[in-house]
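Encoded as structure tokens, the structure appears first; notes follow it.
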Amino acid sequence: QGVMSWDFGELPEQVEFTRAGQKLVGYPAIVEEGKGTSLVLLDTEQEAEAATHRGLRRLFQLAAAEQVKHLGRNLRGLQEMALKYTLLAEVDGTRAQDKASAIEKLQDELVLAICDRAFFLEDARIRDKAAFDARVVKARTRIGEVANEVGSLVNEILGGYYALRPRVQQPGAQAWQRLMTDIKTQVKALLPNGFIVSVPYARLKHIPRYLEAVGVRLDKFASNPARDAQWQETLANWWRLWNQRLETDRARGVRNPKLEEFRWMLEELRVSLWAQQLKTPYPV
């Protein structure tokens with residue numbers, strides 16, 4: 001416990017041990033704990049990989065503490081973004097609703113996302129101190145550029161929601177209310193509490209297009225409400241199956257990357273149905 005720097009040698013991929021006469025396998029992980037990290041054994045490789053990702057990010061923040069502190073104090077456009085960020089409280093009711101607390105939460109999320117992006121720009125796994133130190137050096141040189149990149153993207157996402165917001169709060173007939181309910185559910189899934197950090201950057205950068213596609217759907221709705229309802233039912237069926245599989249995997253302690261990929265394919269399916277002009281990066 002209380003690990004504040006990489007001072008523990010190599011991190012093996014797995015460890016075999018005996019307990020109560022039974023041979024077991026544990027997966028070493030660097031886990032966030034308090035202001036530092038701890039080294040623990042977890043039950044599955046997937047759990048260990050996810051926890052170590054967060055643990056490595058924390059160790060990088062500690063290794064570049066002064067730079068990270070300076071970054072947090074000098075985030076471009078933070079005040080303006082916070083005004084739009086407070087409106088996300090309407091999505092699920094669990095977020096900061098006043099500007100002061102929103103600024104603090106947004107600042108924390110942005111710093112974490114910037115550190116994550118700067119440190120994990122390369123995919124190679126880090127298993128020893130030499131590899132960690134080399135990555136820290138690289139991350140420190142690009143953290144300013146990454147800060148601009150992440151800040152610009154988050155500002156675009158918040159601006160997309162801000163533009164969409166008044167349109168999804170308009171009253172209307174039963175068919176319109178069905179549409180509004182579906183869109184609000186979609187937006188809640190796209191922008192959950194903590195999305196700036198929890199959604200991988202490779203997925204995050206597509207969210208402005210998904211929000212724009214919602215606007216296109218609203219534009220087209222009046223011309224063919226029946227078709228909209230049919231497509232919505234198609235999405236609802238896939239979403240239900242996906243949720244069932246997700247719950248089954250969680251109960252088994254399994255984390256399947258293909259399931260995550262499928263979840264984002266559903267967003268691309270929405271684009272391909274309602275906003276073909278925005279295009280998808282692959283056929284759906």
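Distance between the C-alpha centres of segment 5-53 and segment 98-147: 22 Å, rounded to the whole angstrom.
Anisotropy class assigned to segment 150-284 is oblate, per the alpha carbon gyration tensor with a/c at or over the 1.5 cut-off and a/b no larger than b/c. Accessible surface computed residue by residue for the chain, with neighbouring protein chains in place and a 1.4 Å probe, gives 55 Å² per residue. Rounded to the nearest 20, the size of the Cβ-charge dipole of the chain about its Cα centre is 580 debye, with Lys and Arg at +1 and Asp and Glu at -1. Mean sequence separation of contacting Cα pairs (under 8 Å, at least six apart), scaled by the length of the chain, corresponds to a relative contact order of 14 percent. Ignoring lysines fewer than eight residues from Lys188 along the same chain, the ones with Cα atoms less than 21 angstrom from its Cα are Lys84, Lys99, Lys105, Lys205. Springs join every pair of Cα atoms under 10 Å in this Gaussian network model of the chain, and among Thr181, Thr18, Thr86 the largest mean-square fluctuation is at Thr18. The portion of the accessible surface of the chain made up by carbon and sulfur, rounded to a whole percent, is 51 (1.4 Å probe; DNA, RNA and ligands excluded).
The values are calculated or read from the model by the stated rules, or taken from the named source; none is laboratory data. All of these numbers come straight from a predicted model, not from anything done at the bench. For neighbour counting, all protein chains shown are included, and Cβ atoms are generated from backbone atoms with ideal geometry for every residue, glycine included. Just the protein is used for accessible areas: all its heavy atoms, side chains included, with ligands, DNA and RNA removed. Shrake-Rupley method; radii C 1.70, N 1.55, O 1.52, S 1.80 Å.
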